[in-house]
Each structure stands twice: as structure tokens, then as C-alpha cells.
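First comes the structure, then the notes that go with it.
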């Protein structure tokens, strides 16, 4: 039987940043309120939120790119005043049918 040794390497680097007085006060208030234990926790939370926002931004940009490419792939729809009227009438018909189906029947 062979036992494989597992090693975990932790890379840590230090980065000094300058905060505005308002940012420092904001962090101190959050620590005083018990929201964070220390400034590092507050910065980690801020970075996690930033990362999530960037992921969402990338997803939105990809969706926009896909929508922009749709007409070239013949997946789009040509919109004209007539097609808009037809779509509006179709939506109204569907809405009326739904309302009619939800009305209680008279006895």
C-alpha cells in the first residue's frame, strides 16, 4: 500500500491600500456595530461583492452579445408597426381567455 502525501501551500501577499477618511469611518462604524470583527473582514466582504457584481456584468454582456448575434443567425424577429399591433392583439386575446377561465361559474 502506498500512501501519498498531501501538501497544502498557502500563498499570502500583503497589499497596502489607502482609504479615504469616509471609507475608514464607514469600516469603523461597521466594526462598532458588530457587522465585522476587523477591517480585513470588511475588505474581504467588499471584494466578494465586487467579484459577484463582475460575474453578473459578464453574464449580462454575454447575453447582449447573444442578442446582437440573433438576427444574423435568423433567430430574431422583424418588428414593424403591423407586427406590434398583431402582438398586442394576441396578448389581449390571451389575457381575456385567462380571465374568462379564472371567473367562477354561476350556478
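Its residues counted as N, the stretch 21-101 yields a C-alpha radius of gyration over 2.2 N^0.38 Å of 2.10. In this rough spin-label picture, where each label sits 7 Å from Cα along the Cβ direction, the residue 101-residue 68 distance is 3.9 nm. Spacing of the modelled spin labels on residue 92 and residue 60, each 7 Å from Cα toward Cβ, amounts to 3.5 nm. Our estimate of slack between residue 31 and residue 16, defined as 0.36 nm per intervening residue step minus the Cα-Cα distance, is 3.4 nm.
Any read-out appearing in this document is the output of simple, stated calculations on the displayed coordinates, not a laboratory observation. What you are looking at is a predicted structure, and each value in this text was computed from that prediction instead of being measured. Cβ: placed from backbone, ideal geometry, glycine included. Neighbour counts: every protein chain shown.
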